[in-house]
Structures are given as C-alpha cells and as structure tokens.
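The values are calculated or read from the model by the stated rules, or taken from the named source; none is laboratory data. These figures come from a predicted structure and were not determined experimentally. Cβ: placed from backbone, ideal geometry, glycine included. Neighbour counts: every protein chain shown. Accessible surface areas use protein heavy atoms only, side chains included; no ligands, DNA or RNA. Shrake-Rupley method; radii C 1.70, N 1.55, O 1.52, S 1.80 Å.
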Amino acid sequence: MRFYKKLPRLLLGAAMVGGLLTTCSDEFLEVSPRGVLAPEVLATKAGVEGVLLGAYAQLGGRGNYFGGASNWANGSIQGGEANKGTEDGDFSDINDLVRYQLNPTSRIPNDRWVGLFEGVTRANATLTLLAQSEDPLLRDDDRIRLESEARFLRAHYYFQLQISFNQAPFLTPGLTVEEQQTVVSTSNWGNIEADFQYAFDNLPETSPDAGRANKWAAGAYLGKTYLFQEKWNDARTILQNVVDNGQTANGQKYGLLDNYANAFNAEFDNSMESVFAVQAAANSGTTNVANPDFVLNFPHNTGSTGPGNCCGFFQPTFDLANSFRTEDGLPLLDNSYNSESNRLKTDFGLLSADPYTLGNEPVDPRLEHSVGRRGVPYLGWGLHPGQDWIRKQDNGGPYSPKKFVYYASQEGSFSDGTSWTRGYGSMNYNIIRFSDVLLMLAEAKIETDDVEGGRELINQVRSRAANAASLLKTEDGEDAANYSIDTYDSFGSADEARTALYFERKLELSGEGHRFFDLRRWGLAESELNRIIDFEQQFLPLPYRGAEFVAPQDLYYPIPQAQIDLQGTEVLPQNPGYN
C-alpha cells in the first residue's frame, strides 16, 4: 500500500506543529490556540509517525510547482530540455526562468525557498516530538528508525536548497522563530552528508511501506552528495556498494526494468528500478496525494480523446528531441544532431488537418517514451495528432511531454478526475532511479581512472534501452519509427568517456529535473544553455526573447528578497550578480 494514503487523517496539525513545539510559558494567562493539536497530544508513537508522514508529503510540493522534488521547471526547463509551452501570458512567472531573467522579487525562487523550508520544518518537528515523547510504545528501534527517516528527509530538502541557492541557514530542532532568523546562511554540504550518513548507518534495508526511505536510498543520495562535490573516491565507494548490494524498501534487488517506458508507468511504481520516489495515489479522497506537481504538463485540449485535457506546459525543446538522433546506433556527441541534415522532421507550422508523414531518421528508442510527436503512438490514445494537442505552437513548438502522463487504459484508475482537470496522475516521481545510480557510478569511475568500468556501466544503461521491450510498436506490431541504438566499443580517452557520459545522462534522464544541475556542476551551463537558446530562437522567437545565460548570476537562484527583508544581509547575503 502506498503509505501516503494515510495522509488525510494523519497530517492534521503537522504543518503547524513546528511552531507549537517551540512555544512554552509559565504565564497563567496564556491560552492554547484553538483548532490545532498541542505537542503533548502529538508526542505519541502515532503522533510522531503522523508528523513524519507530513515531512514525506512535502516531497511533492503539495501544489507548490517549484518546491517539489521533480524539478521539472528548476532542472529541466532551466536545463534547456523543455520550454514553458502553453501561451506567453499563461503563468508568466515561468517566462523569467526560460529567459534566465529571475530577480530577488521573482515568484519562483521564493516559492522554492518556502516549499523546501516547509519540508525542513516538518522534518525538524518530527525530531523535536521524538525527543519529547515518553510514549512507552516507542521502542529504541522505533526511535532510531524515525530519527533516521527524519534526518534523511531533512538532508533531501537541504540538498535541494544547496543546488538551487548554494546556501541556506541550517535549522536544528527546537529553535524559536526568533532564533531561526539569526542563523547565518552558509553552504550545507557537510550537514547534508552527516544526515545521509546517519540514515545510511541506521535505516533498515526493508520496510512494510514501499515508499519509505531505506538504507540503500540513503546510500545512493549520499553518493550523489559526494558526486556534486567532486569527491570521486567517496562517491565511487558508496555507489558501488549500492549497485552491488542495494535493494528497494519492499525487498527487490535494484535493477533495470526490461522496458524503459515502465519506469514512468504507474502500474510499475516502486519497482526494482525505484531507489527513492515521491509517492502518489489516485481516488483517495483528495488530489493532494496524487501527483499535482505535473498537473499542468499534459497535451492541451485533448477532450475525451487524450489524457488530462490541460494545460500544454512543459513542451520538450527542438534541441532535446534532436538529441535522440543516432548514427550507427550511437548519439551525435558533437551536437551535429541540430544540423539541417540531421535534425528530426517535424510538423511545426502544420495544422493537424494538413498531410504529414513521419520522418525516417534513425533515433534512440527512448525518444518515443520521452517526447510526444505527431504520427507516433501516444500511450494508448492513438497517434499524436500534432497541433490539435498543442496550445500554441509558435510559443512552445511541436512536441508534448510524455514521461509523466497516464495511459488511456488507466483513465479513472491511475488518474484522478475529481478536481478541475483529469490531469492528476498517480504515477510516482523517482527522485533517484537505478539507471541514475549506474550513471553516477560510471562518472565516478571515469574520474578515478577507470574509463573501462565507466564504459561498461554506460553500456548497461544503453542495452536496456535497446531491449525489444523498449521499442514502441504501432497497432500492427511494427516499430513506430526507425530505431537504432548500440553500445560503445571503447573510449579513446577520459575526455571522450566524459562526453559520452554527459550525453547519456541527457538521453536517459531527460525531463526528470536533473539537466541544469548536471550542466552547472560540469562547468558547461553557460556555453551549453546559450547554444540551445540560439538554436531555439530560430523557431520560437517570442518565448526566448531576450534570453541569455550569464554566469555567475544565473548559476544559482537569487535569495528571495522577502527572506532577506526578514533576516538582513548579514545573516542572509544575496547571491552574486543580484545585488
């Protein structure tokens, strides 16, 4: 059972408990507030578990599109994998993200800061309650597990703050609001490492609830933390351990599903490929525990003939789609995939009623599970019809998102249509997938002079993509397009291996919120993103109007001005370029 289904009854008071837990007074005139649960009520085993579930629930952002773990805007739009889509005036705050024109008063950085600190607050509230509780039902092993889960979640939220802002005040349990406002902002890699290490050392390997963090999820996230700091040997050691010995919380040894598409299919949630995921459930009584983070990211105006029916956001870029072009089964690592002779044929500028024949260019089969394009089967809804499913083609291009969209056969079972749109899917979002772990280990091996070991891991990922099960078929059983994918025979140098690794992460993890953060840590953000801007502007001049990536300013989000106004620049200094 997806343990998030318990949230509607257990989450009561969790969001406010952090403030309650730091309140005490001997003055007899002080009256407890009405409509909230007092700490002594929550300081039971069930109460601590409930507040911890509130910390888990915040992983999905709970309606805050920029505070959730998927990073579809923060990582994929910023990383050049997608544009906003839809129309220029719809949710115009995202325009600043596409154009790299954020400032300290922009909505997106503030929403992200607030959403992530809400998660920190809930994790710390769990730790505070746990320390206060004298419930005899809380055994020693319960206390260790609950502390480990709470610290894992706190580390996750601080990891996201670190990669977005490069600094944040590290808040510990029990601080009053006034004390929190005096904590000086700093880099938090050491604190993140310590929390993930504690979780790795103390979490059980399995759990009755598949969605809980376990030992191996902590190990994978710790490895990722090392990787982001270029601690290559540490990353290699822990990630190798995860690959060799890791298992899911529900007891499956980590592995790759035969069909790449099933990693994004709700019917395969919590599979052997899922290391740690945001849990989702449909038809539970509230769409808050579905997957609201992706509710805008469906083909537009599909009616009953397509999924969601709204709202046309998160359209893959021309550059991303062209990246799946292959030659002799391998990607075009020199970016020549965008040349006129290599780029994909599209229906850009054509009405759905206009004749169109799909191109025959050789492509990586992962294209069809990552990008919706005209003439290709779309998750059981028939062939993608082109412009009829695009809100405004000259603002978003010809492509539709596909990875986090439900199948036609799942309407009403793995989707929740009880709110304003049918686009509340119940597929989990994998914060870390096993293929991501394999590619992180490949990177660590390449950086520690084991190019051959890195090649083998890259090929392991590519081999799954080449499985017959991963090839999209038409109704008559034929390949839907000209699929061509092969493995690498050798790399001539570490630099050649790095280039292949960087590109493999783009293909394997596209649209999953990783790309911007990868480009930045590799030192490629400015050159790569400006290259993509220049290419996209040929087709979409309006959404990319004035777009330019400028370092160091655009490497990190600005600290929200509203937060600086509360705390002052001595405690919370602004990031470079935004003063």
Mind checking whether some residue in the range 37-59 is within 30 Å of Ile532 (Cβ to Cβ) and either open to solvent by less than 30 Å² (accessible area, probe 1.4 Å) or modelled with pLDDT under 95 (or both)?
-> yes
Just name the residue that is farthest from the chain's Cα centre (by Cα) out of those in the range 554-578 that are open to solvent by 30 Å² or more (accessible area, probe 1.4 Å) and more than 17 Å from Arg107 (Cα to Cα).
-> Glu570
Those residues of the range 108-143 which are small (Gly, Ala, Ser) and part of a helix (DSSP H, G or I), in sequence order | Gly115, Gly119, Ala123, Ala125, Ala131
Looking at (1) in contact (Cβ under 8 Å) with a residue 40 or more places away in the chain; (2) in a helix (DSSP H, G or I), which is the one condition that is false for Phe200?
-> (1)
Which one of these is over 19 Å from Ser463 (Cβ atoms), more than 19 Å from the chain's Cα centre (by Cα), open to solvent by 30 Å² or more (accessible area, probe 1.4 Å) and at pLDDT 95 or above: Asp328, Asp258, Asp319, Asp334?
-> Asp334
Among (1) on the phi < 0 side of the Ramachandran plot; (2) surrounded by fewer than 19 Cβ atoms within 10 Å (Cβ to Cβ), the one test that Leu509 misses = (2)
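Yes/no matrix, rows are residues, columns are (1) open to solvent by less than 20 Å² (accessible area, probe 1.4 Å); (2) modelled with pLDDT under 95; (3) within 30 Å of Ala551 (Cβ to Cβ); (4) among the small types (Gly, Ala, Ser):
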{"residue": "Glu81", "(1), (2), (3), (4)": "yes, no, yes, no"}
{"residue": "Leu97", "(1), (2), (3), (4)": "yes, no, yes, no"}
{"residue": "Pro104", "(1), (2), (3), (4)": "no, no, yes, no"}
{"residue": "Val114", "(1), (2), (3), (4)": "no, no, yes, no"}
{"residue": "Arg139", "(1), (2), (3), (4)": "no, no, no, no"}
{"residue": "Glu149", "(1), (2), (3), (4)": "yes, no, no, no"}
{"residue": "Tyr158", "(1), (2), (3), (4)": "yes, no, yes, no"}
{"residue": "Val177", "(1), (2), (3), (4)": "no, yes, no, no"}
Within the range 365-377, can one find any residue that is buried (at least 20 other Cβ atoms within 10 Å of the Cβ), without any contact (Cβ under 8 Å) to a residue 40 or more places away in the chain and of a type outside the set (Gly, Ala, Ser)?
-> yes
Index of the failed condition, Val550 passing every other in (1) β-branched (Val, Ile, Thr); (2) in contact with a strand residue (DSSP E or B) (Cβ under 8 Å, 6 or more places away or on another chain); (3) open to solvent by 40 Å² or more (accessible area, probe 1.4 Å) | (2)
So which residues in the range 385-426 are modelled with pLDDT of 95 or more, part of a loop (DSSP other than H, G, I, E, B) and open to solvent by less than 20 Å² (accessible area, probe 1.4 Å)?
-> Gly386, Ile390, Gly397, Pro398, Tyr399, Lys402, Lys403, Phe404, Val405, Tyr406
From Lys231, Lys224, Lys215, which residue is farther than 27 Å from Gln252 by Cβ and basic (Lys, Arg)?
-> Lys231
In this structure, does Thr225 turn out to be open to solvent by 40 Å² or more (accessible area, probe 1.4 Å) and either touching a Phe, Trp or Tyr at 6+ places or on another chain (Cβ under 6 Å) or assigned to a helix (DSSP H, G or I) (or both)?
-> no
Does Glu230 fit the bill of being part of a helix (DSSP H, G or I) and within 30 Å of Ile559 (Cα to Cα)?
-> no
Set Ala465, Ala469, Ala444: member being assigned to a helix (DSSP H, G or I), of a type outside the set (D, E, K, R) and more than 27 Å from Asn322 (Cα to Cα) | Ala444
